[in-house]
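A.B. asks: Sharing a structure, written as structure tokens. Questions coming.
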Amino acid sequence: MSTKTAWITGATAGFGAATVERFVAGGWRVIASGRRAERLQQLVDRHGADKVHATAFDIRDEAALHAAVAGLPAGFTGIDLLVNNAGLALGTAPAQQADLAQWKQMIATNVTALATMTHRLLPGLIERRGAIVNISSIAGSYPYRGGNVYGGTKAFVSQFSQNLRTDLHGTGVRVTSIEPGMAETEFTLVRTRGDQAASDQLYAGAHPITAGDIADTIWWIANLPPHLNVNRLEIMPTSQSAAGLQVHRD
Ligand code: NDP
Ligand code: 8X3
């Protein structure tokens, strides 16, 4: 069987970094992208340039994205799997106190860049009967205070995934939306602009999802027989469940 290739965005930390490890261990070639070049280089140093191709760019920069695709070396040009993982939440303030610049950054990263990446790689994915795994979130289904635009971007990711399924009907391309709940990565550090205590407090005693859990889930989905498509997969730590509605009284 020929070696398969996955492009994993957001490969410098969290889910993406763990997914690189899982796929390289499973014998795939991986294109690893993110902004932090030194972390990507560590992946190449660890696994070798024949296994990992590192490409550092800001995924919001459309010209850089196209240049990264154009610059893929021989052996990495036939992409079988796109893992649209790069993303972030910024801020926990209610909408009426939120920072508009943070909203725009979340939309540019979680929505516009994910759609651009998908649009760019779709022709090759169709040619190879490949697969797309989009990392959405439970925040796209369940509202919570301060989730405003972040949750909105993830609702886009989930619905875009299902609409892709419809448009790709008959092509053999598989599309999955993974919708994780609380997972311990750098997510909360980023969201709180580096507040380690807030991050530690959120995860303390909760036995959250780990990055390795999601990497194993992506690996399982990618290696299902070609006649099976997981449309959407919601996954939470056992310690987390939905809470109720709220009522304001005068
Ligand atoms: P991390 O912060 O650990 O990782 C986020 C990754 O996204 C990093 O590799 C980062 O790379 C990359 N990224 C962010 N912005 C950009 C950008 N502008 N250009 C390129 N890469 C970018 O968080 P997670 O691993 O938790 O997050 C991965 C995905 O999972 C996100 O889409 C997130 O919304 C989603 N998610 C997370 C959950 C959680 O509780 N942790 C639960 C549900 C979904 P770099 O900074 O080097 O650019
Ligand atoms: C991350 C999960 O619940 O912090 O998408 O929004 S949550």
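The values are calculated or read from the model by the stated rules, or taken from the named source; none is laboratory data. Because the structure is a prediction, the values reported are computed rather than measured. Note that each Cβ is placed from the backbone with ideal geometry, even for glycine, and that neighbours are counted across all protein chains shown. Keep in mind that these areas ignore ligands, DNA and RNA; they rest on the heavy atoms of the full protein, side chains included. Shrake-Rupley method; radii C 1.70, N 1.55, O 1.52, S 1.80 Å.
A.B. asks: Any chance you could check the Cα centroid distance between segment 5-49 and segment 156-191 for me, in angstrom?
C.D. replies: Between the Cα centre of segment 5-49 and that of segment 156-191, the gap is 19 Å.
A.B. asks: Over segment 12-108, average the accessible area per residue using a 1.4 Å probe and give it in Å², no decimals.
C.D. replies: Result: 45 Å² per residue.
A.B. asks: If the reach is capped at under 19 angstrom between alpha carbons, list the aspartates and glutamates near K104, excluding any in the same chain fewer than eight residues apart.
C.D. replies: D58, D61, E62
A.B. asks: What's the carbon and sulfur percent of the chain's accessible surface, probe 1.4 angstrom, rounded to a whole number?
C.D. replies: Result for the chain: 53 percent of the exposed heavy-atom area is carbon or sulfur.
A.B. asks: Separate question: Taking R0 as 51 Å, what FRET efficiency do you get between T238 and A74 from their Cβ-Cβ distance, rounded to the nearest 0.05?
C.D. replies: 0.65
A.B. asks: May I pose another question? Work out which trypsin sites (Lys or Arg not before Pro) in the chain are exposed loop sites (DSSP not H, G, I, E or B, at most 16 other Cβ within 10 Å) and give the longest gap free of them.
C.D. replies: Numbers: sites that count: R35, R36, R128, R129, R145, R193, R249.
Value returned for the longest uninterrupted segment is 37-127.
A.B. asks: When the helix-only estimate is applied to the chain (DSSP H runs of n ≥ 4, each -39,500 (n - 2.57), divided by the residue count), what is the mean residue ellipticity at 222 nm, nearest 500 deg cm²/dmol?
C.D. replies: Taken over the chain, the calculation gives -12000 deg cm²/dmol.
A.B. asks: Please report, in Å, the Rg and the Dmax of segment 179-239, where both are computed over Cα atoms only.
C.D. replies: In order Rg, Dmax, the Cα atoms of segment 179-239 give 14.3, 46 Å.
A.B. asks: For the chain, give the magnitude of the charge dipole about the Cα centre (Cβ charges: +1 Lys/Arg, -1 Asp/Glu; no others), in debye to the nearest 20.
C.D. replies: Magnitude of the dipole: close to 360 debye.
A.B. asks: What does the highest-first list of 205-212, 183-190, 68-75 look like by mean Cβ count within 10 Å?
C.D. replies: So the peptides 205-212, 183-190, 68-75, ranked by packing, come out 183-190, 205-212, 68-75.
A.B. asks: Give me the net charge of T77's neighbourhood, meaning all other residues with Cβ under 15 Å from the Cβ of T77; Lys, Arg count +1, Asp, Glu -1.
C.D. replies: Every neighbour counted, the sum reads +1.
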